[in-house]
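Single-structure report; data block below.
Only the coordinates and a few stated rules stand behind these numbers; no lab work does. Note that the structure is a prediction, hence the values are computed from the model and not measured. Note that we place each Cβ from the backbone using ideal geometry, even for glycine, and neighbour counts take in every protein chain shown.
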Amino acid sequence: LDKPLYQQSLDYLGSLLRGDLGPSFKYPNRTVNEIIADKLPVSLELGLLALAIALVLGLTLGVTAAVRRNSWLDYLCSSAAMTGICVPTFVLGPLLVLAFSIHLGWFNASGWYSGIDRVLPAATLGLVYSAYIARLTRGGMLEVLNQDYIRTARAKGASELRVIFRHALRGGLLPV
């Protein structure tokens with residue numbers, strides 16, 4: 001800090017180009033690169049678990065809503081997706097902790113020690129993104145289900161499951 005400000009800025013930018021983020025101000029005996037390397041595996045694990053939850057739940061809700069268009073099942077899936085979009089993660093997380101940790105006692109309220117500790121954080125992140133995926137999937141599937149090649153597949157005698165999973169899902173997942 002004994003150099004002029006422009007020199008400090010140039011030195012810092014030069015270090016950034018080399019990938020050196022410098023020392024941590026909060027933890028004086030560690031560098032920022034060490035802290036990132038320490039925490040990155042946990043963040044990747046949480047992100048991948050949340051993505052898996054979001055994809056499985058979102059695709060299931062979206063395909064179900066599109067296949068059963070204008071039925072009670074469509075309205076239920078669409079309402080769940082809209083609720084998921086409207087409820088922010090900082091509200092959903094404490095509600096999940098309250099319900100599943102405090103009242104039911106199924107999960108730990110905090111910590112990252114065992115596999116069971118990963119469920120609530122991954123569910124909190126995954127549920128919000130599954131709502132967006134469900135909406136995108138439903139819209140894409142509804143558009144594809146009205147195409148000529150879907151009518152042709154049905155006219156040739158293909159089962160409804162084959163039409164949905166073999167033909168419609170390919171085009172319906174493009175927005176996702």
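Before moving on, here are some points about what is shown:
- Farthest toward positive dipole pole in the chain [+1 Lys/Arg, -1 Asp/Glu at C-beta], among ALA99, GLY115, LEU51: LEU51
- Estimated dipole of the chain in Debye, rounded to 20 [Cβ of Lys and Arg +1, of Asp and Glu -1, Cα centre]: 800 debye
- Under 26 Å from the Cα of LYS26 - lysines, other chains or at least 8 residues apart: LYS3, LYS39
- Against the chain, whose longest principal axis is taken from its Cα atoms, helix 72-86 shows a tilt of about 20°.
- Fully extended contour minus Cα-Cα distance, from LYS26 to ASN70, at 0.36 nm per residue: 10.3 nm
- Between the Cα long axis of helix 5-17 and the first principal axis of the chain there is an angle of about 50°, rounded to the nearest 10.
- Segment 105-110 - phi-based ³J(HN,Hα) in whole Hz, Karplus 6.51/-1.76/1.60, Gly and Pro as x: x, 6, 10, 6, 6, 8
- Checking every one of the trypsin sites (Lys or Arg not before Pro) in segment 126-172 against DSSP loop status and a limit of 13 other Cβ atoms within 10 Å picks out LYS156.
- You can think of it this way: the chain between ASP148 and SER9 has 44.0 nm of extra reach, that is 0.36 nm per residue less the Cα-Cα gap.
- Within the shell defined by Cβ-Cβ distances under 14 Å, the residues around ASP38 carry a net charge of +1, with Lys and Arg each +1 and Asp and Glu each -1.
- Segment 1-48 versus segment 98-140: alpha-carbon centroid distance in Å: 31 Å
- Placing +1 on the Cβ of every Lys and Arg and -1 on the Cβ of every Asp and Glu, with nothing else charged, gives segment 1-76 a dipole about its Cα centre of roughly 240 debye.
- The candidate values were (1) 67; (2) 50; (3) 63; the one computed from these coordinates for percent of Cα pairs over 20 Å apart carries the label (1).
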